1. Could you list, in sequence order, all residues of segment 18-76 that are at pLDDT 95 or above, of a type in the set (V, I, T) and either assigned by TED's automatic domain parsing to the domain that holds A274 or closer than 16 Å to S120 by Cβ (or both)?
2. Just need a number here: residues in segment 127-163 that are more than 14 Å from S116 (Cα to Cα) and aromatic (F, W, Y).
3. Considering each of H95, H45 in turn, give the residue that is buried (at least 21 other Cβ atoms within 10 Å of the Cβ) and not hydrophobic (A, V, I, L, M, F, W, C).
4. Across segment 204-215, what is the total count of residues that are out of contact with any helix residue (DSSP H, G or I) (no Cβ under 6 Å at 6 or more places or on another chain) and at pLDDT 95 or above?
5. Are any residues in segment 1-26 under 14 Å from T146 (Cα atoms), of a type in the set (A, V, I, L, M) and within 21 Å of the chain's Cα centre (by Cα), and if so, which ones?
6. Which residues, taken from segment 48-69, are crowded, with 18+ Cβ neighbours inside 10 Å and without any contact (Cβ under 8 Å) to a residue 60 or more places away in the chain?
7. Take the residues of segment 238-266 that are at pLDDT 90 or above, assigned to a loop (DSSP other than H, G, I, E, B) and of a type in the set (G, A, S): which is farthest from the chain's Cα centre (by Cα)?
8. Hey, can you tell me all the residues within segment 278-321 that are exposed (fewer than 11 other Cβ atoms within 10 Å of the Cβ), among the acidic types (D, E) and either modelled with pLDDT of 90 or more or not in a helix (DSSP H, G or I) (or both)?
Amino acid sequence: MNQDIYVVIEHLRGQMADISYVMLAAARALAQGTGGSVMAVLLGHNAQELAGDLAADRVLYVDDPALADFTSDAYLAALSALISENEPRAVLLGHTSIGMDVASGLSARLGLPLVSQCQSLSADGKFLSQICGGKIMAEGALPGPTALVTMAPGGYKPEEGQSAEPPEVAPTAAPTLEGLRVTLAQYIEPEAGDVDISKEPILISVGRGIQNEDHIELAEELAKALGGVVCSSRPVVDQGWLPTSRMVGKSGQVVKPKLYLAMGISGAPEHVEAITDSEMIIAVNTDPAAPIFDIAQYGAEVDMTDLLEVLTELVEEEKGG
């Protein structure tokens, strides 16, 4: 039985996604127990240079014009052939819109078990996954003989999956990628926002607990006092209280500030995965069981609207002193 661990590398328009490095770190932990190799699977067209810093024993590079941009049809065809031929112990994909799309299709097409939203893998073949919106952690043995796994960020740091030594790249033949039902018609870049929250060192992030649009001004005043910027979780943007450019989460921006002040944010997995690389997370929420407290270094069980004005005054007093 093949004991190698395959990692499906995720990239977009020449940029590597951090989840690819997270998966490589997880694959290395699992491979220590299986005795197999960590094999990065890179699908693309003229994209070989992306393999340069992957912490893998080998990169299986499939080059085809149909893989220049992601489509589920092309990825499913290429990966189905590769997995069926080699039967690795596990195939890791990102718990992202791309990874979940492909993983579910592979599971149905190949009849393989799927472990979703996995946080970590261990040498003894165990997995740890989030369920029930991240409120429960489930542990179990990785099913076989080949298991599909979607990895969520947070269990490993991206740098753990990077290497200063370029790995061996093995060009791998692709199946005939013709007659695909889905092709990319156009890639539309989102309009630039007023600020790039992914580059801001201090973020005051507000969630459903902000209650109404009038309280956004209180968050803005605190951000001004701290020299930061206001951003939010999806519910605030859906209400139209802040522009899409300020949204943090899977469907928004991934951020890495020095300080992330989460005000009235429960901590859904879709939001948490976008903030795990923050240097410090401080959470404020009235619910003591809110998942955001699980990843925060500091927290306060209080209504954010009662705290904002007082906290702004204290910061301004400290600055004045």
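1. V38
2. Matching residues across segment 127-163 total 1.
3. Values: H45 fails: buried (at least 21 other Cβ atoms within 10 Å of the Cβ).
Being buried (at least 21 other Cβ atoms within 10 Å of the Cβ) and not hydrophobic (A, V, I, L, M, F, W, C) holds for just one of H95, H45, which is H95.
4. 1
5. From segment 1-26, those under 14 Å from T146 (Cα atoms) are 1-7; that's our starting set.
Checking the rest, the ones that are also of a type in the set (A, V, I, L, M) come to 1, 5, 7.
Selection gives I5, V7.
6. The one that is crowded, with 18+ Cβ neighbours inside 10 Å and without any contact (Cβ under 8 Å) to a residue 60 or more places away in the chain: L50.
7. So, considering only residues that are at pLDDT 90 or above, assigned to a loop (DSSP other than H, G, I, E, B) and of a type in the set (G, A, S), the one farthest from the chain's Cα centre (by Cα) is G240.
8. none
The values are calculated or read from the model by the stated rules, or taken from the named source; none is laboratory data. Model, not experiment: these values are computed from the prediction. All Cβ positions, even for glycine, are placed from backbone atoms using ideal geometry, and neighbour counts span all protein chains on display.
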